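One structure is given below, encoded as structure tokens.
The values are calculated or read from the model by the stated rules, or taken from the named source; none is laboratory data. Please read all numbers here as calculations on a predicted model, not as lab measurements. Here Cβ is always computed from backbone atoms with ideal geometry, including for glycine, and neighbour counts include all displayed protein chains.
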Amino acid sequence: MSELVAIEVSHAFPGTRVLESVSLTVEAGQLVCLIGPSGCGKTTLLRVIAGLDRLQRGRVLVEGKVVADADARRHTSPEKRGIGLMFQDYALFPHLNVFENVVYGVARSGERATWAREALARMGLEGYADAYPHTLSGGEQQRVALLRALAPAPKVLLLDEPFSDLDITRRAQIREETFDLLKETGVATLMVTHDPEEAMFMADHILVMAGGRIVQAGPPLKTYLEPVDAFVAALFGPVNRLEGTVAGGRVATPLGSLAADGIPDGTRVQVLIRPEALQLDPAPDGVAGDTELSVDWARLLGRTSLVRLRMRSRATGAEVLLHARVYGTFLPATGTAVSVRLDRDRAFVFPAADN
Amino acid sequence: MRPALARATSALPKASRAGLAIDAWGIGTLAVAGLMAAPVLAVFTLAIAPSDDIWGHLARTVLPHYTRTTLALMLGVGVGVFAVGTGTAWLVTMCRFPGRAVFAWALLLPLAVPAYIIAYVYTDILEYAGPVQGALRGLFGWSSPKDYWFPEIRSLTGAIAMMTLVLYPYVYALARAAFLEQSVCVLEVSRLLGRGPWRSFASVALPLARPAIVIGVSLALMETLNDFGTVDYFAVYTFTAGIYDVWLNMNSTSGAAQLATVMLVLVLALIAAERWARRRLRFHHTTNRYRQLPTYRLDRVPAALAVTACATPIVLGFVVPSAVLIDYSIGASANTPVADFTVYALNSLTLSSMAALLATGIGLFMAYGVRLGRGRAVRAATRLASVGYAVPGAVLAIGVVIPLARLDNAVDAFMGDVFGVSTGLLLSGTLAAVTYGYLVRFLALSFGTVDASLAKVTPSMDGAARTLGSAPLGALRRVHLPLMRGSILAAAILVFVDSMKELPMTLILRPFNFETLATYVYQFASRELLEQCAPAALAIVAAGVLPVILLSMAITRSRPGQWEGRRAPA
């Protein structure tokens, strides 16, 4: 059953359109990630769904019941929607201790309070029940805020950048704990993030937002491997950009030719190639034909090596810089000639922006 | 986040427009604003009412004199409070010398002494028959006023000196807070760019503090315009004194209202200066890095000069008046019947508590109403409701007493016509009228305090409380109120103490024969019977010390980074 449905929600602040006809659905037990650059309207969408901002256009349904309908001037106040919301800054009440924070939305004794106690214990926070929020670390505060939002057993949970305030070293672990807890409770979750890795990790379904619209919706794998446009491709990681023209349904690049499905011949296109799509081999003669490829520099970044390549056209002398990411340690000396194999699953062709 | 959206998403939570409770907020705020603005509007209405060329008469006779005196008084006090306030703030913030830590808070103490009380005290000890001149005569063998020259305390210069002594803390407090809030980085940059410590202070720290100093001087001058007791006693004919003269002695309400209108022009200029400075203040923080301010150790002669400079205003503005009052109080217990004093103190307590309770309640109501996102009209209404803080008590008194009298007369006539009963004066000269006057003048104080404290509760707290099932009132009770407890108490104390000190409105609006500590002090001291009313004056000063303590705590806390350990709002 669809626990949360938003239909053609639009929202504007004086002078700015923030949301343009956004529709989405979150099923019970499903985790949907809303990803987009800062300022694309993600947080506003959460606030409108929660009822903290009044819906200007569209409809919102929770458990099949309309909680907001702009046309019918219906607006259920946030406290009656049964939606949990976890804020980016956690918004823990500083005058209440950890336990009081968690049970704010439920009776202090009773089934949910018992749940809260057990959940605190399971998250390793039983010793902190009487502690005040400011004495906790960022990760502990995050867990308290999550439990507080879950305590009233909401059918729908909204998470606003739940991991962005965390120390990078703790983030992966807390992300995993959060994932497990959400899957266990089976709550329909809509999470906002600007971190693609976070979205790929957490989501069953990813919604990419730009300029107040949803530009792509789909499972993580499809979003990563089949971005609908250059913006989505670039959002999910760095890319090398080349240009070309479609001929015979394909576009030729110095690194090889790529299929340009559905783009008419003669169209100018941009070719986006992920750094990991460039597979390097030392080769005395570089790429065959017109192009010379040599190593400009190489750096070890830990798990991977980053290699900057200098690609030079023998005919015109024009030079382009490319970045390649190679798993493990791969540090050829500057000037080394290399040959490149292109992983075509990670290279994308889109009509050029000026078409 | 992009600025536009950051602003948008951090906008305060908006509540449902449906339901009676929400409408009550909007309507209530508008009604309060109307009530609070009514006296000022009434003054304007009265001023344009036709009268027998009172205005021409005023303009020919007293107006030039009132204007000259008022401007001279403002200029003198303005220069005085600027020099003393900025100078002492500079010394205690930037230099190290013996007693600095004590001076830092003690310099606020004179704020506890109302201008009229310090005027009574100094007149008492400096007049011909007083102890100082007596001692001088004894010492030098003079026998009559012809033998020597002694400054006349009851003069314009005397009034300037008195008011400077008790009003400079406004400038001191704001300038010191501004110096403390400054990032040390900008001072260090100035040092690194080759300017010495003192020049850095003059070219960086002082200009950065300028908006705060302007606010301090504006507030001090608003108090100057408000003063009635001092100018009345010293026979310095400022507008305030003039309003009473024209109103009560010449029996011309529209004349008094016209003078009041002229005075409002001066007030508007001060408000404009203050607003301008407050806007500037926002742009004066360039970095967020703070460290202990550098301090310069003073020794020997400079240290002695610094101690003298800081001690003088405290001794003259607080220690001497308090000591004299304590001395008289000990001697006076025989003169004043304790029962009288108790009655007056209880009267003051009742009135001030009522005003404090109402002002805090209404202030909280308005501040939370604005936070619930009631729109621009409500925001504007709260501004209107706050105008009273700048309007002198004498002006407000006219604005309250005359409309009330007309209302009473209208009701009386109506009841007489319809039911044949005379209701007499229902509201005029009642405690309700005095409380109303206090509210008009001091609501801004409680609203401002509560509003500032509410702003420190991050909007996501509201959101969290609401999504966890609290309705707006529930969130207020369970989240905001507990977090704001201290500030709400502070707001109540501020209004309580200011109501207790208030003289010009109380004199006019109080019920017949109803004495508060302030009016009692006025009655006796202006008849040169300071000994008799010393306990009452001392009680007012003692109460006045409370807000000084609050203020000094607030300044210490104002320094960023020394605030509580709570998570910074995102």
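Here is a yes/no grid of residues against (1) modelled with pLDDT under 85; (2) crowded, with 18+ Cβ neighbours inside 10 Å; (3) hydroxyl-bearing (Ser, Thr, Tyr):
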residue: B:Val307; (1), (2), (3): no, no, no
residue: B:Thr336; (1), (2), (3): yes, yes, yes
residue: B:Asn347; (1), (2), (3): no, yes, no
residue: B:Ala367; (1), (2), (3): no, yes, no
residue: B:Val378; (1), (2), (3): yes, yes, no
residue: B:Ala381; (1), (2), (3): yes, yes, no
residue: B:Pro392; (1), (2), (3): no, yes, no
residue: B:Leu396; (1), (2), (3): no, yes, no
residue: B:Ala405; (1), (2), (3): yes, no, no
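Run B:Gly134 past the list (1) touching a helix residue (DSSP H, G or I) at 6+ places or on another chain (Cβ under 9 Å); (2) assigned to a helix (DSSP H, G or I); (3) small (Gly, Ala, Ser) and report the number of the one that doesn't hold.
(1)
Can you name every residue in the stretch B:138-186 that is surrounded by 19 or more Cβ atoms within 10 Å (Cβ to Cβ), within 19 Å of B:Ile125 (Cα to Cα) and either touching a strand residue (DSSP E or B) at 6+ places or on another chain (Cβ under 9 Å) or at pLDDT below 90 (or both)?
B:Ile153
Out of the residues in the stretch A:117-135 that are part of a loop (DSSP other than H, G, I, E, B), of a type outside the set (A, V, I, L, M) and out of contact with any Phe, Trp or Tyr (no Cβ under 8 Å at 6 or more places or on another chain), which is surrounded by the fewest Cβ atoms within 10 Å (Cβ to Cβ)?
A:Gly124
Conditions tested, residue by residue: (1) over 23 Å from A:Asp229 (Cβ atoms); (2) of a type in the set (Asp, Glu).
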residue: A:Asp265; (1), (2): no, yes
residue: A:Ile273; (1), (2): no, no
residue: A:Glu276; (1), (2): no, yes
residue: A:Leu280; (1), (2): yes, no
residue: A:Asp290; (1), (2): yes, yes
residue: A:Arg314; (1), (2): yes, no
residue: A:Leu322; (1), (2): no, no
residue: A:Asp345; (1), (2): no, yes
residue: A:Phe348; (1), (2): no, no
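Looking at the stretch A:182-198, can you tell me whether even one residue there is assigned to a loop (DSSP other than H, G, I, E, B), within 25 Å of A:Ser2 (Cα to Cα), more than 14 Å from chain B (Cβ to nearest Cβ) and in contact with a Cys (Cβ under 7 Å, 6 or more places away or on another chain)?
No: zero hits.
Can we say A:Arg314 is in contact with an Asp or Glu (Cβ under 6 Å, 6 or more places away or on another chain) and more than 22 Å from A:Leu235 (Cα to Cα)?
yes
Looking only at the stretch B:521-558, which residues are surrounded by fewer than 24 Cβ atoms within 10 Å (Cβ to Cβ), among the hydroxyl-bearing types (Ser, Thr, Tyr) and in a helix (DSSP H, G or I)?
B:Ser552, B:Thr556, B:Ser558
Regarding the stretch B:473-487, can at least one residue be identified that is surrounded by fewer than 22 Cβ atoms within 10 Å (Cβ to Cβ), at negative phi and in contact with a Leu (Cβ under 6 Å, 6 or more places away or on another chain)?
no
Taking the criterion of being under 30 Å from B:Gly399 (Cβ atoms) and either touching a residue at least 12 places away in the same chain (Cβ under 8 Å) or not small (Gly, Ala, Ser) (or both), would at least one residue in the stretch B:456-470 satisfy it?
Checking the stretch B:456-470: not a single residue is under 30 Å from B:Gly399 (Cβ atoms) and either touching a residue at least 12 places away in the same chain (Cβ under 8 Å) or not small (Gly, Ala, Ser) (or both).
Take B:Arg441 and tell me if it is surrounded by fewer than 21 Cβ atoms within 10 Å (Cβ to Cβ) and either away from chain A (no Cβ under 14 Å) or touching a residue at least 12 places away in the same chain (Cβ under 8 Å) (or both).
Criteria not met by B:Arg441.
Would you mind finding the one in A:Val26, A:Val5, A:Val60 that is touching a residue at least 60 places away in the same chain (Cβ under 8 Å), more than 9 Å from every other protein chain (Cβ to nearest Cβ) and in a strand (DSSP E or B)?
So the residue among A:Val26, A:Val5, A:Val60 that is touching a residue at least 60 places away in the same chain (Cβ under 8 Å), more than 9 Å from every other protein chain (Cβ to nearest Cβ) and in a strand (DSSP E or B) is A:Val26.
Test A:Ala210 against the criterion of being more than 30 Å from A:Gly15 (Cβ to Cβ) and small (Gly, Ala, Ser), and give yes or no.
Spelling it out, it is not the case that A:Ala210 is more than 30 Å from A:Gly15 (Cβ to Cβ) and small (Gly, Ala, Ser).
So which of A:Arg274, A:Arg213 ends up being basic (Lys, Arg) and touching a helix residue (DSSP H, G or I) at 6+ places or on another chain (Cβ under 8 Å)?
A:Arg274
Could you run through the stretch B:195-222 and say how many residues are surrounded by fewer than 20 Cβ atoms within 10 Å (Cβ to Cβ) and either more than 30 Å from the chain's Cα centre (by Cα) or under 13 Å from B:Val81 (Cα atoms) (or both)?
6
Go through the stretch A:150-174 residue by residue and tally those that are surrounded by fewer than 18 Cβ atoms within 10 Å (Cβ to Cβ) and without any contact (Cβ under 8 Å) to a residue 40 or more places away in the chain.
Residues meeting the conditions: 6.
Do you know which residues across the stretch A:318-350 are surrounded by fewer than 16 Cβ atoms within 10 Å (Cβ to Cβ), touching a strand residue (DSSP E or B) at 6+ places or on another chain (Cβ under 8 Å) and under 20 Å from A:Leu235 (Cβ atoms)?
Selection gives A:Asp343 alone.
Residues in the stretch A:207-224: is at least one in contact with a Cys (Cβ under 8 Å, 6 or more places away or on another chain), closer than 25 Å to B:Thr467 by Cβ and of a type in the set (A, V, I, L, M)?
Checking the stretch A:207-224: at least one residue is in contact with a Cys (Cβ under 8 Å, 6 or more places away or on another chain), closer than 25 Å to B:Thr467 by Cβ and of a type in the set (A, V, I, L, M).
Only one of these conditions is not met by B:Ala115: (1) over 24 Å from B:Ala394 (Cα atoms); (2) in contact with an Asp or Glu (Cβ under 6 Å, 6 or more places away or on another chain). Which number is it?
So the condition that B:Ala115 fails would be (1).
Within 14 Å of chain A (Cβ to nearest Cβ) and small (Gly, Ala, Ser): which single residue out of B:Gly448, B:Gly463 fits that description?
Checking each option against the conditions leaves just B:Gly463.
Taking the residues in the stretch A:259-285 that are crowded, with 18+ Cβ neighbours inside 10 Å and under 30 Å from A:Ala333 (Cα atoms) as candidates, determine which candidate is nearest to the chain's Cα centre (by Cα).
A:Arg274
Can you tell me how many residues in the stretch A:65-100 are more than 9 Å from chain B (Cβ to nearest Cβ), out of contact with any strand residue (DSSP E or B) (no Cβ under 7 Å at 6 or more places or on another chain) and not in a strand (DSSP E or B)?
Qualifying residue count, the stretch A:65-100: 6.
Which one is nearest to A:Ala151 (Cα to Cα) among residues in the stretch B:466-478 that are at the interface with chain A (Cβ under 7 Å from one of its Cβ atoms) and of a type in the set (A, V, I, L, M, F, W, C)?
B:Leu468
It is to be established whether one or more residues within the stretch A:136-155 are within 14 Å of another protein chain (Cβ to nearest Cβ), among the charged types (D, E, K, R), closer than 25 Å to A:Thr193 by Cα and assigned to a helix (DSSP H, G or I).
Yes: one or more hits.
Can you give me the ranges of the strands (runs of 3 or more DSSP E) entirely in the stretch A:279-355 with at least 3 residues that are modelled with pLDDT of 90 or more?
Hits in the stretch A:279-355: A:291-300, A:304-313, A:319-327, A:347-351.
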